[in-house]
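Just so you know, all these numbers are worked out from the coordinates, no wet-lab data involved. All values derive from a computational prediction rather than experimental measurement. Here the Cβ is made from the backbone with ideal geometry for all residues, glycine too, and neighbour counts use every protein chain on show.
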Amino acid sequence: MQEADIAVLIRTGLMVVLKLGGPPLLVGLAVGLLVSVLQAVTQLHEATLAFVPKAVALAAALVLLGPFMYSTLSDYTHLLFDRIVAIGGS
């Protein structure tokens, strides 16, 4: 395996991390921002008001994005194992 192949695998791995972690983080950020604005406008500063909507939104995002996340991780795992088999067979 050449250095270029390793660089491609690392780059692909970082893209997989971004694809898996980015959407839930963005959902949490958006919901947190909306709740913060709502708390600032209404002057309600309660911890459960900040936590519960984020938890519900993250759970919904994970349920909706689960198949995409699974297929992305599965494809990358297959790619890695195919490369391992190719190295071992040479």
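Results, tabulated for the structure shown:
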{"read-out": "Helix-only CD estimate at 222 nm, as mean residue ellipticity for the chain, using -39500 (n - 2.57) per DSSP H run (n ≥ 4)", "value": "-33500 deg cm²/dmol"}
{"read-out": "Isotropically averaged projected area of the chain, using the convex hull of Cα atoms (one quarter of hull area), nm²", "value": "7.4"}
{"read-out": "Extension reserve of the His45-Phe68 stretch, reckoned as 0.36 nm per residue once the Cα distance is removed", "value": "4.7 nm"}
{"read-out": "Rg(Cα) / (2.2 N^0.38 Å) computed for region 47-89, rounded to two decimals", "value": "1.93"}
{"read-out": "Folded to 0 to 90 degrees: helix 3-42 orientation relative to the chain principal axis, Cα", "value": "10"}
{"read-out": "Degrees between helix 47-88 axis and first principal axis of the chain (Cα, 0 to 90, nearest 10)", "value": "0"}
{"read-out": "Amide N proximity, region 21-37 versus Ala55 label position 7 Å along Cα-to-Cβ, cut-off under 19 Å", "value": "24-25, 27-36"}
{"read-out": "Selected from Leu73, Ile6, Thr42, residue furthest toward positive end of dipole (the chain; charges at beta carbon)", "value": "Thr42"}
